[in-house]
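Novice: Have a look at this one before I ask anything.
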Amino acid sequence: MKTTYFEEMDALLPWVSRPSRYLGNEVNTVRKDLQRVRLRFALAFPDTYEMGMSHLGYRILYHILNRREDVAAERFFRPWPDMEDRMRQRGIPLCSQESRTPLFRFHVIGFSLPYEMVYTNVLGMLDHGGIPLESARRPDPFPLVIGGGPCAVNPEPLAPFFDAFVVGDGEEVVEELVDLAGQAREEGWDKRRLLEALAGLDGVYVPSFFNVEYGPRGEVTRRTSLLHGYERVRRRIAPDLNPLIFPEETIVPYARAIHDRVSLEIARGCTRGCRFCQAGYIYRPVRERTVPRILDLAEGTLSATGFEELSLLSLSAGDYSRLEDLVRALTARFSPERVALSFPSLRIGGLSHEIMEMIKEVRKTGITVAPEAGTDRLRAVINKDILEEEVLETARRVFSQGWLSIKLYFMVGLPTETEEDLEGIVALCRRIRKEEGGRRMRRRISVSLSTFVPKPHTPFQWVRQLGLEETQRRLKMLRGGLRRLGIHVKWQDPRLSLLEGVFSRGDRRLAPVLERAHAAGCRFDGWSEHFRFDLWERAFLECGLSLEEYAAREFSLEDVLPWDHIEIGVSKGFLQEEYRRALAGERTPDCRREECQGCGVCDFERVAVTLAEGRPQESPFPGMRTFRGLLHRSRGREIHRRFRVRYAKRGQARFLSHLELNTVLMRALRRARLPLRFSQGFHPLPRIDFGPALPVGVESLMEFFDFECFGHLRPEEVEARLKEVLPTGIELLQCVEVPIDVPSLFTQTMLVRYRIRIPASFGGLRGDAGERIQRFLASSQWKVARWKDGKRQDWDVRPLVRSARWVSEDTLQVDVLFRGDRGVRLLELLGALLGLEEGAVRALEILKEDVQPLEERELLQEP
């Protein structure tokens, strides 16, 4: 049985979209000999590479596990459908990014469960990985299938498929779990013994040790523990973030991740008590990292990755108790390097005028606020402590300080919502539009509309979800009203929200539905282009259930809920009282600012609200504005130089797109700590000229980029620094200094030599190609058609080919005239020359051998 599939996987990459997502040799990737470790751990993210590599918890676990000498952790993602279909056709199982080892070769398979709509992807990955879906069909202790993340607070729909779930913070418990699994392997435990040992860990839920019975209405009538003393599972809570391991040398993706930046968790938990927000309850209490610790992590992570943006991550970054000190210190340190600060979550009023000015010094990133509801009445119901006037004041500040965009989040279908509340959303946005300063000062105002989904362990866990038809009516009304104001509107498909609600509050009766939907072809349900609501409806009907009726279930406060045996720390009694206060329109204050509200999560010995302490290191400059002035004045007198780098792009790096390659090189320059020169103006960018694009899949020995930097660096010093940080497949060949005003690489006319090897699999093409090439060279013109905006354009490619000749029986050498950024693409030209479609041309082995600028050949001679 093969254990790696390098050649087979690489052979598929020219035929699929975004091949860079499958490379697995990114900067800071960890590779180990799988035969020399005690335990092989598969970190499985049931979505695309771009989604998984944006998930901080996933990165943290990768780092924690690979710090251990006895464990090898490798990453798995679900391939995009075109790739998966080709893999299954060729009998290639789901393989890891790092070593191309099949999933079934790993001892522990740990799934991140961030969102209910990834559940079919979980089953798809197990199936593609050669692993039986149901735990009962896996009698051996390994592979052990476990899950963790937000959905683990009610994993009942997944219970038959998993051996165990980690509930709560995973940084500590994952090492305890690995220790037990390693011991089980060495001592030959059976599965029952291993599961019993796991059940003894705080925060680990083993679903097979519970039997659940249901009544005629689907209600839970009885839940029985099958393991003595194992009646409830309590969430694992890390009391202090500061000593926790954080991945400074985190992986730098090739394919652009959704959140393509350093995500630095400054705090965990929130006590504002928004009654719809599950995260605000399952991550309590608030625990903040100290400012010095955050500064150390920022320094280490940015140095090791080269990212150009630092995101301060928490449920509400504006609530961080030392925010002004932190932002001031970070801006003073990283503003000279043009590292932008961003806040993915922001409480209205959370940023002072000074903080907004400091962030704007580097980049005017957009401001996002979340009023959630259209009236103060409904905001009181959901305990959103914001008044309409505060929203308007925030908009005034945003517009007056030069920010160009503001994004607003609202929810539809909240408990007790009326037509007046919906009209209030449009009215509030109309007032915000009036604050922007007239048509000459037009700003971008966008609104995101989501459908309320009742979640477990929140005060609204008992309420019914709004029906599909009524949700669609309310969304249509809001879209029309907002668009008439010139506001850009985005909304989530209400059918998707309906399905999310079903599984969010679901029970084990949904497992057969999930399995049927997977078998019918459901996958990537969170992606609109792949969401098949009709298949889901059919799966529910075949299992004797109604999708809408399931979502519309309304529990009484006395009902036994499917997730009652999983305790998150917040008591059920507290949630019941919050539900009553919601219906009465009463607010509950934040316990950080007023007295304890008695939610039950804190024991005030080990677990309690922990705010940042200590003072940050003082900036050598009294303020950011003065610092920037000194920086600009001093650099204005400094010498700046321009360097030209020649490099090779070989192996798997050939599958990087032009934009991906540009990002890879720019981040390498940052990791090399070169003092880059930036452009001026609204959005400063490094002065880098990356040269013409190379088609994906084409190798090259003659790629170039120019860049400018300050100081008196010599070419050999630049070369040495870059060689230390360039990723696999990118080889620096030469670095020279060029005149500061040398023409751009895009504007020069060059003669480019390509070597094309035709694989044996192309069969008769070799014989036919010779005659076709002769006809091509003998012709006076040779046109190819390109369609753009529905119109046909004909291009004559004959003048671009200077020569074409066979250098061996299977290898063709072609000299092509390149005229800057004009004309046809290389793959079009070779297709015309060889009579192939673009997909077939991509499967050829193409090497760019030489480049000669026709007007300045002496500029950079090959060594």
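The values are calculated or read from the model by the stated rules, or taken from the named source; none is laboratory data. In this text, all values refer to a predicted model and were calculated from it rather than measured experimentally. Cβ atoms come from the backbone with ideal geometry, glycine included; neighbour counts cover every protein chain shown. Only protein heavy atoms, including side chains, enter the accessible area calculation; ligands, DNA and RNA are left aside. Shrake-Rupley method; radii C 1.70, N 1.55, O 1.52, S 1.80 Å.
Novice: Look through region 209-221, keep the residues that are in contact (Cβ under 8 Å) with a residue 40 or more places away in the chain and touching a strand residue (DSSP E or B) at 6+ places or on another chain (Cβ under 9 Å), and return whichever of them is nearest to residue 169 (Cα to Cα).
Specialist: 210
Novice: If you check 340, 332, which single one turns out to be open to solvent by less than 10 Å² (accessible area, probe 1.4 Å), under 29 Å from residue 673 (Cβ atoms) and at pLDDT below 90?
Specialist: 340
Novice: Same structure, new question: Using beta carbons and a limit of 8 Å, which pairs, at least six apart or on different chains, have the first residue in region 380-396 and within 24 Å of residue 278 (Cα to Cα) and the second one of a type in the set (Phe, Trp, Tyr) and buried (at least 18 other Cβ atoms within 10 Å of the Cβ)?
Specialist: 382/276
Novice: Hey, which of the helices (runs of 4 or more DSSP H) in region 490-586, taking only ones fully inside, have at least 3 residues that are of a type in the set (Lys, Arg) and closer than 30 Å to residue 273 by Cα?
Specialist: Per the criteria, 572-583.
Novice: Which residue is nearest to residue 252 (Cα to Cα), if the candidates are limited to region 642-653 and must be open to solvent by less than 50 Å² (accessible area, probe 1.4 Å) and either of a type in the set (Lys, Arg) or at pLDDT 95 or above (or both)?
Specialist: The extreme case among them is 649.
Novice: Kindly provide the set of residues from region 308-329 that are part of a loop (DSSP other than H, G, I, E, B), modelled with pLDDT of 90 or more, surrounded by 18 or more Cβ atoms within 10 Å (Cβ to Cβ) and hydroxyl-bearing (Ser, Thr, Tyr), ordered by number.
Specialist: Across region 308-329, the qualifying residues are 314, 320.
Novice: Filter region 704-715 for residues that are touching a residue at least 60 places away in the same chain (Cβ under 8 Å) and open to solvent by 10 Å² or more (accessible area, probe 1.4 Å) and give the result.
Specialist: Hits for region 704-715 are 704, 708, 710, 711, 712, 713, 715.
Novice: Please work out if residue 726 is open to solvent by less than 60 Å² (accessible area, probe 1.4 Å) and either touching a residue at least 24 places away in the same chain (Cβ under 8 Å) or not basic (Lys, Arg) (or both).
Specialist: yes
Novice: Further question on the same structure: Say whether the condition of being touching a Gly at 6+ places or on another chain (Cβ under 6 Å) and either modelled with pLDDT under 95 or among the aromatic types (Phe, Trp, Tyr) (or both) is met by at least one residue in region 249-268.
Specialist: no
Yes/no per residue for (1) in a loop (DSSP other than H, G, I, E, B); (2) open to solvent by 20 Å² or more (accessible area, probe 1.4 Å); (3) among the β-branched types (Val, Ile, Thr):
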position	(1), (2), (3)
7	no, yes, no
10	no, yes, no
24	yes, no, no
29	yes, yes, yes
41	no, no, no
50	no, no, no
75	no, no, no
85	no, yes, no
97	yes, no, no
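Here is a yes/no grid of residues against (1) more than 30 Å from residue 219 (Cβ to Cβ); (2) touching a residue at least 24 places away in the same chain (Cβ under 8 Å); (3) surrounded by fewer than 21 Cβ atoms within 10 Å (Cβ to Cβ); (4) acidic (Asp, Glu):
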{"site": "478", "(1), (2), (3), (4)": "yes, yes, no, no"}
{"site": "486", "(1), (2), (3), (4)": "yes, yes, yes, no"}
{"site": "508", "(1), (2), (3), (4)": "no, yes, yes, no"}
{"site": "524", "(1), (2), (3), (4)": "yes, yes, no, no"}
{"site": "533", "(1), (2), (3), (4)": "no, yes, yes, no"}
{"site": "536", "(1), (2), (3), (4)": "no, yes, no, no"}
{"site": "542", "(1), (2), (3), (4)": "no, yes, yes, yes"}
{"site": "549", "(1), (2), (3), (4)": "no, no, yes, yes"}
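Novice: Something else about it: Looking at (1) in a strand (DSSP E or B); (2) open to solvent by 40 Å² or more (accessible area, probe 1.4 Å); (3) more than 30 Å from residue 713 (Cα to Cα); (4) in contact (Cβ under 8 Å) with a residue 40 or more places away in the chain, which is the one condition that is false for residue 787?
Specialist: Of (1) in a strand (DSSP E or B); (2) open to solvent by 40 Å² or more (accessible area, probe 1.4 Å); (3) more than 30 Å from residue 713 (Cα to Cα); (4) in contact (Cβ under 8 Å) with a residue 40 or more places away in the chain, only one is false for residue 787: (4).
Novice: Counting only residues that are part of a loop (DSSP other than H, G, I, E, B) and open to solvent by less than 20 Å² (accessible area, probe 1.4 Å), which one in region 654-672 is farthest from residue 696 (Cα to Cα)?
Specialist: Checking each candidate, the answer is 672.
Novice: Now for a different question. Which of the residues that make up region 223-245 are at negative phi and either in contact with a Gly (Cβ under 9 Å, 6 or more places away or on another chain) or without any contact (Cβ under 8 Å) to a residue 12 or more places away in the chain (or both)?
Specialist: Once the filter is applied, which keeps residues that are at negative phi and either in contact with a Gly (Cβ under 9 Å, 6 or more places away or on another chain) or without any contact (Cβ under 8 Å) to a residue 12 or more places away in the chain (or both), region 223-245 yields 228, 230, 233, 234, 235, 236, 237, 238, 243.
Novice: Here is a follow-up. Would you check if residue 762 is touching a His at 6+ places or on another chain (Cβ under 8 Å) and among the hydrophobic types (A, V, I, L, M, F, W, C)?
Specialist: In short, no.
Novice: Here is a further query. Inspect region 75-95 for any residue being of a type in the set (Gly, Ala, Ser) and either within 25 Å of residue 168 (Cβ to Cβ) or touching a residue at least 12 places away in the same chain (Cβ under 8 Å) (or both) and give the result as yes or no.
Specialist: No, every residue in region 75-95 fails to be of a type in the set (Gly, Ala, Ser) and either within 25 Å of residue 168 (Cβ to Cβ) or touching a residue at least 12 places away in the same chain (Cβ under 8 Å) (or both).
Novice: (1) without any contact (Cβ under 8 Å) to a residue 60 or more places away in the chain; (2) crowded, with 20+ Cβ neighbours inside 10 Å: which one isn't true of residue 472, the others all being true?
Specialist: Failed condition: (2).
Novice: For residues that are open to solvent by 30 Å² or more (accessible area, probe 1.4 Å) and more than 34 Å from the chain's Cα centre (by Cα), scanning just region 556-576, find the one that is nearest to residue 596 (Cα to Cα).
Specialist: Filtering region 556-576 for residues that are open to solvent by 30 Å² or more (accessible area, probe 1.4 Å) and more than 34 Å from the chain's Cα centre (by Cα), the one nearest to residue 596 (Cα to Cα) comes out as 573.
Novice: Now for a different question. Does region 352-373 contain any residue that is modelled with pLDDT under 90, over 20 Å from residue 316 (Cα atoms) and not in a loop (DSSP other than H, G, I, E, B)?
Specialist: yes
Novice: Anything in region 648-689 that is at positive phi and either free of Cβ contacts under 8 Å to residues at least 60 places away in the same chain or in contact with a strand residue (DSSP E or B) (Cβ under 9 Å, 6 or more places away or on another chain) (or both)? List them, or say none.
Specialist: 651, 681
Novice: Another question about this same structure. What are the residues in region 392-415 that are closer than 21 Å to residue 381 by Cβ and either part of a loop (DSSP other than H, G, I, E, B) or modelled with pLDDT under 90 (or both), if any?
Specialist: Passing the criteria: 413, 414, 415.
Novice: Is it fair to say residue 778 is small (Gly, Ala, Ser) and either surrounded by 12 or more Cβ atoms within 10 Å (Cβ to Cβ) or modelled with pLDDT under 85 (or both)?
Specialist: It is false that residue 778 is small (Gly, Ala, Ser) and either surrounded by 12 or more Cβ atoms within 10 Å (Cβ to Cβ) or modelled with pLDDT under 85 (or both).
Novice: If you don't mind, another one. Which one of the conditions (1) β-branched (Val, Ile, Thr); (2) closer than 19 Å to residue 181 by Cβ; (3) more than 20 Å from the chain's Cα centre (by Cα) does residue 64 fail to meet, given that it meets all the rest?
Specialist: Only one criterion in (1) β-branched (Val, Ile, Thr); (2) closer than 19 Å to residue 181 by Cβ; (3) more than 20 Å from the chain's Cα centre (by Cα) is unmet by residue 64, namely (3).
Novice: Any residue in region 116-136 that is free of Cβ contacts under 8 Å to residues at least 24 places away in the same chain and not in a helix (DSSP H, G or I)?
Specialist: Yes, region 116-136 has at least one match.
Novice: Please indicate, with yes or no, whether at least one residue in region 455-462 is more than 24 Å from the chain's Cα centre (by Cα), open to solvent by less than 40 Å² (accessible area, probe 1.4 Å) and within 30 Å of residue 126 (Cα to Cα).
Specialist: Yes: region 455-462 contains one or more residues that are more than 24 Å from the chain's Cα centre (by Cα), open to solvent by less than 40 Å² (accessible area, probe 1.4 Å) and within 30 Å of residue 126 (Cα to Cα).
Novice: Check residue 147 against each of (1) under 15 Å from residue 45 (Cβ atoms); (2) in a loop (DSSP other than H, G, I, E, B) and name the one condition it does not meet.
Specialist: (2)
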